[in-house]
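*Asks:* Below you will find the structure I want to go over with you.
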Amino acid sequence: MDIFTPEDNALIEREFEELRLASLKRCADQAEYEIVLKAFDFARSAHNGVRRRSGEPYIIHPICVAKIVVQEIGLGYKSIVSALIHDVVEDTEYNIEDIERLFGAKIASLVDGLTKIKSAFDSTTTGQAENFKRILLTLNDDVRVILIKLADRLHNMRTIESMPQLKKDKILSETMYIFIPLAHRLGLYSIKSEMENIWLMQSMPNEYEEIQSQIAKT
């Protein structure tokens, strides 16, 4: 297992401090705030030593997803907690029963929904139309699952440069045909616009540069 450097740990602390302050304003009481702290400690331990393709500690990703959830979408502590631990069941030895025991049934339900959506997208036999149908069905269960997933996708788009080309192509295709329409449907227009800009920059760089040049002239 990889060992994080002091610089890695300092980065984790800096990123979480921003989330901690945002969460403190969003939580209704000390009990909710302490659950956010517990979720961070749990996720940090679960992903200990794991890095993203960019080289950053993996825990930076769920922290950034949680920051999008609270700062850009405005969700509450259960969504913040679910964002922090959203990859634990998929990527570690913990299961949904562990999440329910530690964080309660509602947060476990949100994490379970996120895990199932991720599994659907990872399946090589499942087409985009089927993925879209599964996501729309989740809307009837708890829209927060979709909102957290959109935050997850937005952060993946923001960090897409570090991904191999095959992974990039998959993410860009899913984003254009599934996540951008979802963001529009849910009224998340700033997220929709940012995803569109990144998609254009990655998929049609010449056209993107031309548009940026025209904007600069106005």
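*Asks:* Taking the stretch 184-195 as the region of interest, how many residues are open to solvent by 60 Å² or more (accessible area, probe 1.4 Å) and out of contact with any helix residue (DSSP H, G or I) (no Cβ under 6 Å at 6 or more places or on another chain)?
*Replies:* Going through the stretch 184-195 one residue at a time, the tally reaches 3.
*Asks:* If you go through the stretch 114-132 one residue at a time, do you hit one that is outside any loop (DSSP other than H, G, I, E, B), in contact with a Ser or Thr (Cβ under 9 Å, 6 or more places away or on another chain), modelled with pLDDT of 90 or more and crowded, with 17+ Cβ neighbours inside 10 Å?
*Replies:* yes
*Asks:* Pick out the one residue from Asp91, Asp87, Asp41, Asp2 that is at pLDDT 95 or above and open to solvent by 60 Å² or more (accessible area, probe 1.4 Å).
*Replies:* Testing whether each residue is at pLDDT 95 or above and open to solvent by 60 Å² or more (accessible area, probe 1.4 Å) leaves just Asp41.
*Asks:* Collect the residues in the stretch 174-191 that are among the small types (Gly, Ala, Ser), more than 15 Å from the chain's Cα centre (by Cα) and under 16 Å from Val143 (Cβ atoms), keeping them in residue-number order.
*Replies:* Of everything in the stretch 174-191, just one residue is among the small types (Gly, Ala, Ser), more than 15 Å from the chain's Cα centre (by Cα) and under 16 Å from Val143 (Cβ atoms), namely Gly187.
Here is a yes/no grid of residues against (1) more than 18 Å from Ile148 (Cα to Cα); (2) of a type in the set (Lys, Arg):
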position: Ser23; (1), (2): no, no
position: Cys27; (1), (2): no, no
position: Gln30; (1), (2): yes, no
position: Lys38; (1), (2): yes, yes
position: Arg44; (1), (2): yes, yes
position: Ser54; (1), (2): yes, no
position: Pro57; (1), (2): yes, no
position: Cys64; (1), (2): no, no
position: Val69; (1), (2): no, no
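*Asks:* Confirm whether Tyr177 is part of a helix (DSSP H, G or I), open to solvent by 30 Å² or more (accessible area, probe 1.4 Å), touching a residue at least 12 places away in the same chain (Cβ under 8 Å) and among the hydroxyl-bearing types (Ser, Thr, Tyr).
*Replies:* In short, yes.
*Asks:* Would a scan of the stretch 142-165 turn up a residue that is at negative phi, in a helix (DSSP H, G or I), modelled with pLDDT under 70 and surrounded by fewer than 17 Cβ atoms within 10 Å (Cβ to Cβ)?
*Replies:* No, because not a single residue in the stretch 142-165 is at negative phi, in a helix (DSSP H, G or I), modelled with pLDDT under 70 and surrounded by fewer than 17 Cβ atoms within 10 Å (Cβ to Cβ).
*Asks:* Could you list, in sequence order, the residues of the stretch 5-38 that are touching a residue at least 60 places away in the same chain (Cβ under 8 Å) and open to solvent by less than 70 Å² (accessible area, probe 1.4 Å)?
*Replies:* Correct list: Leu19, Ile35.
The values are calculated or read from the model by the stated rules, or taken from the named source; none is laboratory data. Keep in mind it's a predicted model, so treat the numbers as computed, not measured. Virtual Cβ from ideal backbone geometry, glycine too; neighbours counted across all protein chains shown. Just so you know, the surface numbers come from the protein's heavy atoms only, side chains and all, with ligands and any DNA or RNA stripped out. Shrake-Rupley method; radii C 1.70, N 1.55, O 1.52, S 1.80 Å.
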